[in-house]
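The values are calculated or read from the model by the stated rules, or taken from the named source; none is laboratory data. Computed from a predicted structure; not experimentally measured. Methodologically, a virtual Cβ is constructed for each residue, glycine included, from the backbone with ideal geometry; neighbour enumeration extends over all protein chains shown. These area figures cover heavy atoms from the full protein model, side chains too; ligands, DNA and RNA do not enter into them. Shrake-Rupley method; radii C 1.70, N 1.55, O 1.52, S 1.80 Å.
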Amino acid sequence: MKYLYFIFAVLALFLAHIFKIARQKQFIEIYEEPNEKVLLKGLSISYIINFLLPFKLGYIFRIIYPGKRMKNGVSFSLATIIIDIMLDFLVVTILYSIFFLCNFEILNTLKYYIIISCFLLIAIVIALFFNKYIKKIILKIAAIFNENIELKILKTSWFTITSFKDMLEKINKVKLVIFTVIPWGLYILSYYNFSLFLQQSNVLTNLEFIEVFNIFYSINGLSIPIFFIFQKWNAIHIELLSFILFPLVLIYIFSYIYKPKRKQREYIEILPQINVQDRLAFLETYFKANDREYIKNYININNDVAIIEDFSAGSNATTMLCCKEGKTFFRKYSFGSDAKKLYKQIEWIKAYSNVLKLTSIDHIKNSESYCSYDMPYNPNAVTCFNYIHTVPLEKSWEILEKVLKDIAKNLHTLNLSSSNINTINQYIDEKVLANIEKIEKSFYIQPLLKYDYIYINDKKYKNLTQFYKYLNKDYLSKLFINDPYASIHGDFTIENIICIKNNSNKSKDYYIIDPNTGNIHESPYLDYAKLLQSLHGGYEFLMNTKKVEVHENRIDFMFTKSSVYNELFTLYKKYLENQFNHESVKSIFFHEIIHWLRLLPYKIEKNGERVVIFYAGLIQVLNDVENMYFLEKRNKNEKK
């Protein structure tokens with residue numbers, strides 16, 4: 001009979017370990033497909049190490065062995081084990097409390113567990129109420145080390161914090177309770193049967209259940225690290241060794257036999273960035289604890305993808321190249337008030353997808369705090385900027401002219417109407433005068449405004465204040481009064497035209513992305529002016545200029561506008577002059593100026609000292625437009 005007790009004890013312990021793995025699976029499967037075989041091996045070997053060596057060193061193996069085989073790595077494995085240990089510690093504390101109420105002599109052990117539990121509770125409370133300061137402390141400690149170690153410290157801390165939150169929020173609570181109660185019920189059943197086995201053997205005939213339980217969990221419990229076995233070997237160690245090792249050996253064997261069923265489901269990405277620099281930048285933002293709402297929304301949007309690269313340009317929207325289940329695509333998103341603008345972009349794309357070659361969109365998410373959508377990725381698709389710098393000029397102009405004709409025929413002919421003075425005045429107030437006021441208050445630009453002339457890369461230009469005679473309501477309203485109104489794209493830059501390389505199908509050689517609504521003055525001239533901002537003003541090259549030096553009225557930076565831009569600008573200007581009369585082309589160039597005025601407040605907010613680069617772009621365009629439309633006229637009058 002006594003061997004039946006032993007067999008029941010071993011089987012119960014075996015099943016308890018199986019259910020414990022089932023509980024750990026719950027933590028893991030929020031983020032990735034659990035590898036049960038690896039988890040079973042990790043548990044069996046780690047428990048053997050814990051039994052034979054001191055200081056619970058087996059937990060190190062249980063963290064590292066599965067962690068090396070997890071998608072999210074050792075840091076994530078550590079987080080799951082920490083939660084696993086904390087849950088078990090809580091259960092043992094509750095069990096010892098019950099034993100104490102049942103008059104078992106375990107007061108010292110109970111005090112130990114209660115004290116540790118209180119420390120854990122205090123630590124959790126501190127973490128909840130002072131998490132902002134704790135994060136900053138972690139960041140300062142991590143910053144002491146090199147970039148690789150800093151990333152590991154921040155990543156481990158992030159995984160622990162985030163996975164802990166997600167496990168508490170997203171895990172099935174009923175299932176968690178079941179998979180905690182069942183294994184501990186089996187542990188108790190196993191220890192009870194083992195005590196009956198020992199009582200009927202010649203080892204310890206008076207050993208009760210509580211004493212067996214204390215062997216494993218009390219502060220004075222029996223320990224048999226390997227060095228102790230060789231010093232003091234007795235029957236209790238042999239029985240314990242058999243009782244503990246048999247189930248673990250069975251677990252190890254079972255790991256080879258077990259054939260898990262794989263689930264087809266979506267998993268959360270804890271840290272979606274693939275690029276190391278992007279990961280570090282994100283983690284530093286998180287641990288600075290300055291924008292919790294941004295972090296929360298960022299994770300909500302990107303928790304199902306791996307982020308390959310950030311392709312964000314000059315707007316408040318973020319565009320990421322992402323990967324999910326082997327499929328690559330772009331994800332675009334914005335927060336707060338910018339989310340509303342992004343949703344209007346979605347509506348625009350839906351409205352005009354049947355008349356223009358536009359990007360297709362899906363997986364639209366829209367809430368009060370954020371908006372996002374996905375766009376397909378084509379490995380042969382490149383921005384028009386890249387396209388025109390890798391093909392002959394004739395081919396570049398061919399596709400640009402085609403896009404211009406398509407947008408003129410299929411978009412600018414829709415919802416036609418005439419401009420009105422009230423709308424024009426609102427446009428001037430909001431897009432010209434209000435932005436000039438913001439520019440005048442800029443910390444970096446304000447010192448330059450006291451000069452009538454500034455030098456940009458050693459070339460003399462009239463400063464902004466000398467153009468106020470044009471940038472006022474009286475002059476601009478007269479210039480814009482004949483502008484036609486129609487449906488427009490609103491952000492028709494060179495970067496928002498996507499070209500398909502090596503494509504034999506001429507009907508699918510390009511598509512357009514990223515419209516901008518809410519322009520007030522809804523004139524097609526704004527679209528033509530946006531393309532001027534690229535080809536005439538060289539916006540894309542200014543975006544890639546990183547360093548600028550300012551001394552009194554001198555601005556110096558490395559500006560390398562390509563010859564392709566200059567040649568395409570010449571062709572584009574001729575195109576506009578062939579399509580429109582003199583006053584219309586002049587209006588288009590002034591809308592380009594206004595695009596620069598609209599750009600600068602954004603750059604003031606986002607780019608710090610680099611805003612001076614874009615201010616220089618505005619000044620160069622202003623001087624060039626004046627030379628084209630005012631000095632030429634003055635010279636003609638003088639000749640007459």
Restricting attention to the range 358-377, the residues that are β-branched (Val, Ile, Thr) and not in a loop (DSSP other than H, G, I, E, B) number exactly 1
Restricted to the range 247-275 and to residues being open to solvent by less than 20 Å² (accessible area, probe 1.4 Å) and either under 15 Å from the mean Cα position of the chain (by Cα) or of a type in the set (D, E, K, R) (or both), the residue modelled with the lowest pLDDT is ILE270
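Being more than 21 Å from LEU576 (Cβ to Cβ), in a helix (DSSP H, G or I) and basic (Lys, Arg) narrows it down to one residue among LYS438, LYS405; which is it? Talk me through it step by step, then tell me what you get.
Working: LYS405 fails: more than 21 Å from LEU576 (Cβ to Cβ).
Selected residue: LYS438, the only one of LYS438, LYS405 that is more than 21 Å from LEU576 (Cβ to Cβ), in a helix (DSSP H, G or I) and basic (Lys, Arg).
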Taking the range 524-572 and keeping residues open to solvent by 50 Å² or more (accessible area, probe 1.4 Å), outside any helix (DSSP H, G or I) and of a type in the set (A, V, I, L, M) leaves VAL550, MET558
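Only residues that are assigned to a helix (DSSP H, G or I) and loosely packed, with under 14 Cβ neighbours inside 10 Å: list them for the range 474-507, please.
Of the range 474-507, the ones assigned to a helix (DSSP H, G or I) are 474-480, 494-496, 506-507.
Matches in the range 474-507: ASP474, LYS478, LYS506, SER507.
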Restricting the range 392-423 to residues that are free of Cβ contacts under 8 Å to residues at least 24 places away in the same chain and either more than 20 Å from ILE512 (Cβ to Cβ) or of a type outside the set (D, E, K, R) (or both), the one least open to solvent (accessible area, probe 1.4 Å) turns out to be ASN420
Residue hits (the range 1-59; open to solvent by 30 Å² or more (accessible area, probe 1.4 Å) and among the β-branched types (Val, Ile, Thr)) are ILE7, ILE18, ILE45, ILE48, ILE49
Picking from VAL382, VAL355, the residue that is without any contact (Cβ under 8 Å) to a residue 60 or more places away in the chain and open to solvent by 30 Å² or more (accessible area, probe 1.4 Å) would be VAL355
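Those residues that are of a type outside the set (Val, Ile, Thr) and surrounded by 14 or more Cβ atoms within 10 Å (Cβ to Cβ), I need them from the range 173-184; list them, please. Walk me through how you get there before you give the answer.
First, the residues of the range 173-184 that are of a type outside the set (Val, Ile, Thr): 173, 175-176, 179, 183-184.
Scanning the range 173-184 gives LEU176, PHE179, PRO183, TRP184.
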Counting only residues in the range 573-609 that are more than 15 Å from TYR539 (Cα to Cα) and among the polar types (S, T, N, Q), the one least open to solvent (accessible area, probe 1.4 Å) is identified as SER587
Note: among LYS573, LYS506, LYS546, just one is at pLDDT below 95 and either polar (S, T, N, Q) or over 29 Å from SER334 (Cβ atoms) (or both), namely LYS506
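Can you find, within the range 68-117, the residue that is most open to solvent (accessible area, probe 1.4 Å) among those that are of a type in the set (Lys, Arg) and under 28 Å from TRP158 (Cα atoms)? I'd like the intermediate steps shown before the answer.
So the first thing to find is which residues in the range 68-117 are of a type in the set (Lys, Arg), and the list is 68-69, 71, 111.
Then keep just the ones that are under 28 Å from TRP158 (Cα atoms); that gives 68-69, 71.
On the way: LYS68: 150, ARG69: 129, LYS71: 115 Å².
The extreme case among them is LYS68.
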Filtering the range 52-72 down to residues that are farther than 18 Å from THR160 by Cβ and assigned to a helix (DSSP H, G or I) yields LEU52, GLY58, PHE61, TYR65
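A quick yes/no check of all residues on (1) touching a residue at least 12 places away in the same chain (Cβ under 8 Å); (2) crowded, with 16+ Cβ neighbours inside 10 Å; (3) in a helix (DSSP H, G or I):
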{"position": "TYR294", "(1), (2), (3)": "yes, no, yes"}
{"position": "ILE301", "(1), (2), (3)": "yes, yes, yes"}
{"position": "ILE308", "(1), (2), (3)": "yes, yes, no"}
{"position": "THR319", "(1), (2), (3)": "yes, yes, no"}
{"position": "CYS322", "(1), (2), (3)": "yes, yes, no"}
{"position": "TYR333", "(1), (2), (3)": "yes, yes, no"}
{"position": "SER337", "(1), (2), (3)": "no, no, yes"}
{"position": "LYS340", "(1), (2), (3)": "yes, no, yes"}
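Which of the residues belonging to the range 539-575 are touching a strand residue (DSSP E or B) at 6+ places or on another chain (Cβ under 6 Å) and more than 16 Å from TRP596 (Cβ to Cβ)?
Filtering the range 539-575 down to residues touching a strand residue (DSSP E or B) at 6+ places or on another chain (Cβ under 6 Å) leaves 545, 548-549, 553-557.
Within the range 539-575, VAL548, GLU549, ASN553, ARG554, ASP556, PHE557 qualify.
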